[in-house]
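Written below as structure tokens is the structure these notes are about.
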Amino acid sequence: MADIKAMIGELSRFDAKGMYNNDFLLTWEKSDDEIAAVFKVADIFRKMRESNISPKVFDSGLGISLFRDQSTRTRFSYASACNMLGLVMQDFDEGKSQISHGETVRETANMISFMADVIGIRDDMYIGKGNTYMRDVSKFVQAGYEEGVLEQRPTLVNLQCDIDHPTQSMADMLHIIHHFGGVENLRGKKIAMTWAYSPSYGKPLSVPQGVIGLMSRFGMEVALAHPEGYDLMGETEEVARKNAAATGGSFIKSHSMEEAFKNADIVYPKSWAPFAAMEKRTDLYGNGDTDGIKALEKELLTQNAQHKGWECTEDAMKLTKDGKALYMHCLPADISGVSCKEGEVAASVFDRYRVPLYKEAGFKPYIIAAMMFMSKFANAEKTLHDILAKDGRRVL
Amino acid sequence: MADIKAMIGELSRFDAKGMYNNDFLLTWEKSDDEIAAVFKVADIFRKMRESNISPKVFDSGLGISLFRDQSTRTRFSYASACNMLGLVMQDFDEGKSQISHGETVRETANMISFMADVIGIRDDMYIGKGNTYMRDVSKFVQAGYEEGVLEQRPTLVNLQCDIDHPTQSMADMLHIIHHFGGVENLRGKKIAMTWAYSPSYGKPLSVPQGVIGLMSRFGMEVALAHPEGYDLMGETEEVARKNAAATGGSFIKSHSMEEAFKNADIVYPKSWAPFAAMEKRTDLYGNGDTDGIKALEKELLTQNAQHKGWECTEDAMKLTKDGKALYMHCLPADISGVSCKEGEVAASVFDRYRVPLYKEAGFKPYIIAAMMFMSKFANAEKTLHDILAKDGRRVL
Amino acid sequence: MADIKAMIGELSRFDAKGMYNNDFLLTWEKSDDEIAAVFKVADIFRKMRESNISPKVFDSGLGISLFRDQSTRTRFSYASACNMLGLVMQDFDEGKSQISHGETVRETANMISFMADVIGIRDDMYIGKGNTYMRDVSKFVQAGYEEGVLEQRPTLVNLQCDIDHPTQSMADMLHIIHHFGGVENLRGKKIAMTWAYSPSYGKPLSVPQGVIGLMSRFGMEVALAHPEGYDLMGETEEVARKNAAATGGSFIKSHSMEEAFKNADIVYPKSWAPFAAMEKRTDLYGNGDTDGIKALEKELLTQNAQHKGWECTEDAMKLTKDGKALYMHCLPADISGVSCKEGEVAASVFDRYRVPLYKEAGFKPYIIAAMMFMSKFANAEKTLHDILAKDGRRVL
């Protein structure tokens, strides 16, 4: 209890007022203090749960989930976060709704929000679309709130869009912070965010983009590496560059996995699709050009196959700091010989890091809960103390 | 708090004992007092929520949802109502169940109800079927309760059937009451429930039927207008006629949108399918006659297209009282130039009424919660006072 | 209240410590004391609910449901049990997840369990697969718990596998106990678990296997009867044989429904598929041999059709003790002339036992809740007293 109170006390160091009644769409829209506050609150919630203290702050209320793509981890993390805070997750299944009847985004956004405190959205399939959709929803519920249509302003959590995957990168970062014993120990550490081969194509760019956009804020050396042609969205590289410059870190690009891995403290090898190709695909889908989509798919698979060398092998790991870099992945990984013939990572490497990888994923429910909490309570410290005062046990 | 207590006090004016352990299937099966009590309780719940008072009356229990047609608004309204009162909504997805294994309605009704306090059903597709199905379910859970199979008698809420859409018409009516500053101000007001053109066909009749069946109870002039051949179910017109006669209002039919709009205080222009055609369609589906269904669909679209003039344009609105009638719709509307080329309403009209329309929809969660509440608590006043005494906050 | 306290007191007679942090996969893995404790706790929960006492022991937490086959009764029973204890049921819908992306069972098991207290699984389609899958999940969450990946060890409830259907057989047994006024009155009673004709094929074996595996523990005469070739899994018959020997009961096999029904106190006539055929089907599915599957289906239907005489008719019932044996079924039953032309049971017999059959099903939510409870609380008596002390009402 005393340690939780101490942790709450540390929150006062951060100015996170701007998060109140606001969305969490891109990490780089948030101040350093806001990012730090989310990490702190996530740690507090974890500590509370471990101490059998229930941080239920809502007696009722809905947490809308709107998934336009498959999900296991994030869906369950969002469900867990809602449940922990007392919200009931309500799926908005577009197939069962009447949006095909010509309902506008504005209308849907308001219609599902009468008793919604939070809306979590995954919309990561189409470049230029996902984040834009989230901003539309946000704009419309803000207007609905101001117009008196909505009694409360539901805040949005980006559960992965075309640009960023903030609940992932924040969970990843909290894992790094815990692994290295504190954010103050990260200065000068090297993290390699690299492409890796996968027999599938079209994996979202939001994970690598989110990682370089966030990890560049802590004075680390962020090394991005991918084969030629697999560029990320330019604006996210720009974010990383500016972040690095501002924090005394660096952001370095190369076309060599080996170079990136060399002396790295952390490696994050993961497949993604070339940005230009994804833009093209979005257009093809927009035009309903199925032949074009098939041709593009074939082309991308062929292109991928030229880079099978981009695998996180034992040899690659030997290049890292003392051969012991922290291996990271958002999961599920394409494990060579396990989930596919040739993939992103050698089975022996994956298996050695399995437990830390699962723990990495385990931060996500707390990160999401913290994001939601900071957006719903104007005085986070006070409310956290109120939770302690209420003395509700999670399990009787 | 004082104002909420005053509102609860006003409940004593109404005799709504008959609602206890009873269903809400058709508004015209309810007494004027019962209807008034639902409006009052809905307003109380809204006031409680605005005051951060949680009206959670169930610590556990299920609210079954059984949707045989698509839904956004009503689904979320039902989910919200259940959540607000403390019930967990449990979808009964017929596709995932064993009813294909020859389970009878009687059996299913009992099997899903062991811990169900409420069952919400949407079954609006087939004339002569939906309401009948609800009555079967009701009969069987009543029997199950009497036989000792069920510990509690789950009460039903009609979330739209072939005859009525009571949660819609009641939300609509509460919107009207608030708009005109009280039910006592409605005497002599004119409401135009009119057909409107839509490029789709086969829209349910339950909304116009529900509207004329309910709005005719308050001394208003109810003007129903539709093109020849687009008749509603005769029995619902009979209800409207009797209601009007009993309350000093009137129920007038015509085949002219202009006539209905003339000097109207409220207009509700909305597409629906001809009753006779829907009866025919039900038979065709019953016989699995796909060719017949296609032919009917084509015929109906052609018939609709002859009535494109039935659009709620700016000119039509000018005919109404001071050109400023309250425009209503159950949503989603077919908006000309927005959701379709030519539709029910001009974009400029819709846009001018967008906020009131959204507010109209916003009454539904409270109406459903009130219907559920009145059916589960024998002494509504006492329980509402108990809620206040419990002093539970919705948000910490 | 006094009677509930007395019931809790009776729990002290049973040593059920082994259930804590453990799964419920097969009844014959549980000691007699553990089985008795589950029955007692189920009765206590029912009594609590009837007394409007809420046994909510979780303030938050998830109950994962993983159904690989259709379900009505068990799905709603599991949902009810979770809800009653305070867990939110979260469906793990494999279609919406990323397990197709090469996620392993180990990974999925951990990823869905960060805040899961219980996992309920139905996996009954393939011989040799379902129970094995459950054990894999159990092994992996146990490892995840020990490795520090999971804060709590989610315990599993078998909601039907290829071997046993423990929530069904336990609910059936509790129904029998109540019907005969106590487990002490069962010694010497005869129960006939017999095959019955159904026009469908491939019904799971887990119900009859579960019944003979459990009902043989109470000193009863268990008579298993089926046409030649419709053998159950050998190991479950072995369980029944040993149980009977240990409790002074008997386990008798025959190929005659009449012989089994003769003088029976209880009859449980139900269709199932031959074990050998189900093994073959599992292989055919494994090889993706659709032609083989179709051929097998045809073969099995033809084989079934030779045994239409295996129907629970009025004449068959007359053979039983005083012609009044308790008729049981897991539902839905194939009722001759109702859900099919010729089936498992005559309509008049089914109808006479409809109410007891529904009551039989009504025990399942409490049985599941009791299984969950015993696996989550080390000191069941103390926690049950804590529930009473908390004095939470289910309905205000």
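The values are calculated or read from the model by the stated rules, or taken from the named source; none is laboratory data. Only a predicted model underlies this, so the values are computations on that prediction, with no experimental measurement involved. Please note: Cβ atoms are built from the backbone with ideal geometry, for glycine as well, and neighbour counts cover all protein chains shown. Each accessible area value is taken on the protein alone, full model and side chains, heavy atoms only, with ligands, DNA and RNA left out. Shrake-Rupley method; radii C 1.70, N 1.55, O 1.52, S 1.80 Å.
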Chain C: antiparallel DSSP beta bridges as a percent of all, rounded to 5: 5 percent
Chain A: relative contact order in percent, alpha carbon pairs under 8 Å with at least 6 residues between: 21 percent
Spatial separation of Cα centroids for the stretch B:178-213 and the stretch A:182-233, in angstrom: 58 Å
Exposure of residue A:49 as accessible area (Å², to 10), given a probe of 1.4 Å and all protein chains: 20 Å²
Unit charges at the beta carbon, dipole of the stretch A:1-89: most positive-side option, A:67, A:20, A:52: A:52
Accessible area, probe 1.4 Å, largest first, for residues B:165, C:178: C:178, B:165
Label point at residue B:135 placed 7 Å out along Cα→Cβ; residues across the stretch B:15-58 whose backbone nitrogen lies under 20 Å: B:19-31
Solvent accessible area, Å² - residue C:253, 1.4 Å probe, full protein context: 90 Å²
Copy-to-copy label separations for residue A:295, where each label sits 7 Å from Cα toward Cβ, in nm and ascending: 4.4, 4.5
For C:171-184, mean number of other protein chain Cβ atoms within 10 Å: 0
Accessible-area composition of the stretch B:261-303, carbon plus sulfur, in percent [1.4 Å probe]: 49 percent
Partner chain coverage, peptide C:156-162 - average Cβ within 10 angstrom: 0
Euclidean distance between Cα centres, the stretch C:35-88 to the stretch B:38-65, Å: 24 Å
Computed label-point distance, nm, for sites residue B:276 and residue A:315 using a 7 Å Cα→Cβ extension: 8.3 nm
Residue mean of other protein chain beta carbons inside 10 Å, A:103-110: 5
Rough spin-label spacing in nm, given labels placed 7 Å along Cα→Cβ, for residue C:305 and residue B:382: 6.4 nm
Estimated [θ] at 222 nm from DSSP helical runs (n ≥ 4, -39500 (n - 2.57)) normalised by residues in chain C, nearest 500: -14000 deg cm²/dmol
Tail weight of P(r) past 19 Å, computed on alpha-carbon pairs of the stretch B:32-154, percent: 56 percent
Relative contact order (%) - the stretch B:1-81, alpha-carbon pairs under 8 angstrom, separation at least six: 28 percent
DSSP bridge orientation in the protein assembly as shown - percent antiparallel, rounded to nearest 5: 5 percent
Sequence of A:340, A:161 from largest to smallest accessible area, 1.4 Å probe: A:340, A:161
Cα centroid separation - the stretch C:357-395 against the stretch B:346-396, whole Å: 33 Å
Ranked by how many other beta carbons lie within 10 Å on average, peptides A:189-197, A:220-228 from highest: A:189-197, A:220-228
Heavy-atom surface of the protein assembly as shown, accessible at 1.4 Å and reported per residue (Å²): 34 Å²
At least 40 Å² accessible surface lost relative to isolated chain, residues of the stretch B:74-90 (1.4 Å probe): B:75, B:76, B:80, B:83, B:90
Dmax and Rg, reported as Rg then Dmax, of the stretch C:237-365 (C-alpha, Å): 17.3, 51
Magnitude of the charge dipole, the stretch A:120-177, Cβ model with Lys/Arg +1 and Asp/Glu -1, debye to 20: 20 debye
List A:172, C:322, ordered by accessible area with a 1.4 Å probe, largest first: C:322, A:172
Solvent accessible area, Å² - residue C:141, 1.4 Å probe, full protein context: 0 Å²
Complex-versus-alone comparison for the stretch A:129-149, residues with a loss of 10 Å² or more in accessible area, probe 1.4 Å: A:147, A:148, A:149
Compactness of chain C - radius of gyration and Dmax, Cα, Å: 21.1, 63
Relative contact order computed over the stretch C:229-292 (Cα-Cα under 8 Å; 6+ residues apart), in percent: 41 percent
Cα-centre dipole for the protein assembly as shown with unit charges at Cβ (Lys and Arg positive, Asp and Glu negative), debye to 20: 2320 debye
Solvent-accessible area buried by C and B, counting both chains, probe 1.4 angstrom, square angstrom: 3400 Å²
